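The values are calculated or read from the model by the stated rules, or taken from the named source; none is laboratory data. Keep in mind it's a predicted model, so treat the numbers as computed, not measured. Neighbour counts run over all protein chains shown; Cβ positions are idealised from the backbone, glycine included. To get the accessible areas, we keep the full protein, side chains included, count just its heavy atoms, and leave off ligands, DNA and RNA. Shrake-Rupley method; radii C 1.70, N 1.55, O 1.52, S 1.80 Å.
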Amino acid sequence: MRTITWNWHDFPGQQGEGLSGGAVRAHHDLTELHGEREFLRQLLLPDPARPVGITRTNNDNRIRALDLDTGKTLWVSPDVLPVVANEAWQVSQLSLGDLDGDGTPEVVMATYRGDVLCFNAADGSVRWQVRLPWHINNPRLDVKRAQAGAGAHIALTVGNDFDWVTAHARPRINLVRNPTLILLDGDGEVVMKVPDYSASNGNGHNVWMEDVDGDGLCEIFCSGDREVLVYKGSGERLCSLPCKGEDPERLDTHPDDLTSFDWFPDRPGREILYLDGTDGVIIAGADGKVLRRKLFPKEMASHLQNITPFATPEGPRLLCQNIRSRESKLLCLDQNLDIVWAAWMEGDMVGVRLLDWDGDGMPEIVCGSHGKGKWNPNGVDYAGIQVMRLDGTPLYWHRFVEGCAAGALAALPRPGAGADVVVGVGTYGGPEGRFSLAADAHQHLCIMGG
């Protein structure tokens, strides 16, 4: 295993600092421009060829389209939901998908209370809005095709037997007892329902949609009680994937991330890659058979959250992000799930993106991060962006004096060659916890590239 240590005072690559200079091509203070109080955790690009990004806005359950070149607002969606006044009105992350099959995407969001909204991504107008008879447990939404027909679908886990919990000052639903899986079509109609699919969702918020068998229709993956349940769009159950982590008796074990990839090219279809609790990785076949499983010691994987597969001439590789250690690590695993290299990042990690940072035709790894202590002697939070080659070699490190967290939100293709990364920089901690700004903080948007 190769070990890479990031150290600001002894860094082999290039460095930059602040909201201008270095690799920062453009900077927009969204709080100064628009009075923004939303902590920017997500930005959608409906057309990657155009510098237009869509975000949630002002904690008022609307969406905004931003001109990424100027920071100006292009449109804001109608005010159809009340401003967040209690936990039930909090909305999910946004998602893009072509729900009507016309070749252009729509924007979808949902509330804990059971509202699902579909917006036109061109102007923010509301295409439809439905109120379901359940609470929705999906901070993350997938919008993909799961049944025959032209348009995409929305998969949700829902239920009304749950408790509100408080995390980071933001009440939210974690565990749902006897959850139900539903599928909505492009008009918001329920076209599939699997009631009481497990004893609980194991604190698992997410539903994933992946076409594993290559038939053009996605299978649906949802968290259960120490397992991941796999269904067809028709509601037929295909298999169950184990998810127990280090402690098989834990009731809250769930994967924070799942994806599919052609991990074993000699096998038909794609393999399912997912996190085994917070400290392991599992590779499974479309039939649910576990092909590889690896648990990591706590010093390497105290909380794995994001996984990113990619291909190399030496075989497939998997990036695993250990987010919650003051010396967070990015692990690169080989086909057998052995560690090829481990990078000590010197700060909690906030997302991983693969993009062609330097325009050489090959992707680089871009990580967002925040952290204390080692970044300066006063213990002040500094947000950062760290760039490295696929072999872990450090290339560039930028830190922002303002803000405690920097997220690599999206890759924006650059005219000519390469791609810029869209970075949100801010300090969370307002009334919605991780989804709103701390008092007197500003939300910044930076466009960065090599």
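Structure note, pairs 72/329; 232/289; 244/329; 193/289; 193/244: Cα-Cα distances above 29 angstrom occur for 72/329.
Taking all protein chains together, 9, 442 sort by accessible area into 9, 442, largest first [probe 1.4 Å]. Taking other residues whose beta carbon is less than 13 angstrom from the beta carbon of residue 210, and scoring Lys, Arg as +1 and Asp, Glu as -1, yields -4.
Summed over qualifying helices (DSSP H, 4 residues or more, each -39500 (n - 2.57)) and divided by its residue number, the chain shows a 222 nm mean residue ellipticity of 0 deg cm²/dmol. Here's how it looks for residue 199: its modeled amide H is under 5 Å from those of 225, which are all 5 or more places away or on a different chain. Distance in nm between label sites at residue 10 and residue 69, each 7 Å beyond Cα in the beta-carbon direction? Here the answer is 4.6 nm between the modelled labels. Within the shell of other residues whose beta carbon sits under 14 angstrom from the beta carbon of residue 357, the net charge comes to -1, with Lys and Arg scored +1 and Asp and Glu -1.
Label-to-label distance for residue 240 and residue 336 is 3.2 nm, based on points extended 7 Å past Cα in the beta-carbon direction. Mean-square fluctuations from a GNM of the chain, with a 10 angstrom spring cutoff on Cα atoms, peak among 80, 207, 228 at 80.
Among 236, 219, 364, the largest mean-square fluctuation in a Gaussian network model of the chain (Cα springs under 10 Å) belongs to 236.
Of the solvent-accessible surface of segment 143-187, computed with a 1.4 Å probe and all protein chains present, 46% belongs to carbon and sulfur. With K and R counted +1 and D and E -1, the other residues having a Cβ less than 12 Å from that of residue 151 yield a net charge of -4. Placing dummy labels 7 Å off each Cα toward the beta-carbon, the span from residue 389 to residue 125 is 5.1 nm. Potential lengthening of the chain between residue 289 and residue 196 amounts to 31.1 nm, from the contour at 0.36 nm per residue minus the alpha-carbon distance.
Placing +1 on the Cβ of every Lys and Arg and -1 on the Cβ of every Asp and Glu, with nothing else charged, gives segment 214-300 a dipole about its Cα centre of roughly 220 debye.
Across segment 383-427, the convex hull enclosing all Cα atoms gives 85 Å³ per residue. Extension gain for residue 163 to residue 187 (0.36 nm times residue separation, less C-alpha to C-alpha distance): 5.6 nm. Here the 3J(HN,Hα) profile of segment 274-282, calculated from phi with Karplus coefficients 6.51, -1.76 and 1.60 at θ = phi - 60°, is 8, 7, 8, x, 10, 9, x, 10, 10 Hz, Gly and Pro shown as x. Taking the Cα centre of segment 1-157 as origin and assigning +1 to Lys and Arg Cβ atoms and -1 to Asp and Glu Cβ atoms, the resulting dipole is close to 400 debye.
Counting Lys and Arg as +1 and Asp and Glu as -1, each charge on the Cβ, what is the dipole of the chain about the Cα centre in debye, to the nearest 20? The partial results should precede the final answer.
Details: 42 positive and 62 negative charges, 122 e Å.
Dipole size: approximately 580 debye.
What residues from segment 48-84 fall in the zone where the backbone N is under 18 Å from a label point 7 Å along the Cα-to-C-beta line of residue 32? Flagged as within label range: 67-73.
Can you grab the distance from the C-alpha centre of segment 4-50 to the C-alpha centre of segment 188-244, Å, no decimals? Value for the Cα centre distance between the two parts: 36 Å.
Taking 239, 320, 222 in turn, the Gaussian network model of the chain (Cα-Cα springs below 10 Å) assigns the largest fluctuation to 239. Reducing segment 296-367 and segment 383-429 to their Cα centroids gives an inter-centroid distance of 15 Å.
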